[in-house]
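The block underneath contains the structure these notes are about, expressed in structure tokens.
Please treat every number below as a calculation from the coordinates, not as lab data. Here the structure is a predicted model, which is why all the values come from computation and not from measurement. FYI the Cβ positions are ideal-geometry reconstructions off the backbone, even for glycines, and counts take in every protein chain you see.
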Amino acid sequence: MSNKTTIVVVGGGAAGIPIAQELDKKLDPARYSLTLVSETDYYRHLPASLRAIVTAEGNLEDQIALPYDKIYGKATNNGIGRVGTVQVGKVTSIEEKSNSHGYVVLEGNRRIEWNLLVIATGSEWEGPLRWPNRRSLLKQHLDNWRERFATAKSVVLVGAGTVGSELAGELRDFAPGAQVTVVQRGRLLLNSTYPDSFRQRIARGLEDRGVRVLTGESILNLSRAILDGTEGVIPGRKIKTANGVTLLADLIVRVTKSFPSPG
């Protein structure tokens with residue numbers, strides 16, 4: 001075992017990256033080593049990705065899908081900082097030998113020793129926001145979704161939290177010919193973090209732009225292909241809500257809850 005204290009941060013997203021960057025700036029290289037573990041080989045700026053999945057305008061993917069080579073500063077290369085490095089791989093298990101010693105186990109049985117472990121995996125999304133783990137596959141993913149949104153004459157978004165509401169707005173801007181419906185289980189859009197007056201204003205704003213807003217409603221028995229985003233456009237399809245409202249739904253996109261990311 002090395003004489004250095006080994007720190008491992010699992011998760012290369014909006015939480016894990018700032019932690020690793022600050023540690024790399026402040027830790028003594030003679031006393032510490034630092035490893036950031038990420039399942040993806042690039043950082044994804046998720047808020048801006050809502051526009052990127054709808055339109056190629058502005059080539060946003062070049063700005064929001066960033067490789068980790070400069071993670072520790074402009075003067076660094078290949079993800080190597082003062083004390084920090086980056087390892088790309090999927091975490092399969094965490095082994096804890098004691099409170100201050102264990103291993104992060106990656107696919108292929110790669111093992112990274114730790115004395116201090118930080119879990120910052122965040123969440124993953126289904127459907128269009130479940131971007132591929134390799135940047136080389138991103139163009140195809142975006143092209144697929146852009147084509148779906150461009151060709152669907154009617155789009156039903158299941159879930160109208162911040163993501164669903166914002167996506168509805170992007171569709172009005174970049175797919176103006178499509179009929180867009182948002183279906184929200186709760187009585188208001190967004191969630192109770194926001195004041196009711198704000199939530200009501202968001203709904204009115206979407207309706208003023210031609211979005212059909214259904215609250216207190218749900219779509220039951222969504223297929224696995226809809227849930228994981230693999231189903232494409234089905235022209236002329238009609239579906240019914242739980243309360244019997246008929247909707248045109250060439251394309252159905254679930255934008256509800258995310259789930260914990262494995263690493």
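Here the Karplus curve 6.51 cos²θ - 1.76 cosθ + 1.60, taken at θ = phi - 60°, turns the phi angles of the range 182-190 into couplings of 10, 10, 10, 5, x, 6, 9, 6, 6 Hz, with x standing for Gly and Pro. Please compute, over every Cα-Cα pair in the range 115-162, the percentage with a separation greater than 17 angstrom. That tail contains 54 percent of the Cα-Cα pairs. Of all the options Gly177, Gly169, Gly11, the one that moves most in a Gaussian network model of the chain with Cα springs shorter than 10 angstrom is Gly177. Going from the fewest other Cβ atoms within 10 Å to the most, the residues Trp125, Trp131 appear in the order Trp125, Trp131. Look at where the Cα atoms of the range 43-92 and of the range 117-161 average out, and the two centres are 16 Å apart.
Semi-axes of the equivalent ellipsoid of the chain are 41, 19, 17 Å, computed as sqrt(5λ) over the eigenvalues of the C-alpha gyration tensor in descending order.
Calculated on the Cα set of the range 5-121, radius of gyration then Dmax: 15.4, 52 Å. Taking the chain as a Gaussian network of alpha-carbon nodes connected by springs under 10 Å, the highest mean-square fluctuation of the residues Phe198, Phe149, Phe174 belongs to Phe198.
Distances between placed amide hydrogens fall under 5 Å for Tyr32 paired with Thr5, all partners being 5 or more residues away or on another chain.
Take the alpha-carbon centre of the range 14-37, take the same for the range 189-256, and report the distance between them in whole Å. What the calculation gives is 42 Å, centre to centre. Near the amide H of Trp114, within less than 5 Å, lie the amide hydrogens of Gly102, Tyr103, Val104, all on another chain or at least 5 residues away, with H placed in the peptide plane.
For the range 127-260, report the convex hull volume of the alpha-carbon atoms normalised per residue, in Å³, without decimals.
113
DSSP beta bridges fully contained in the chain are about 40 percent antiparallel.
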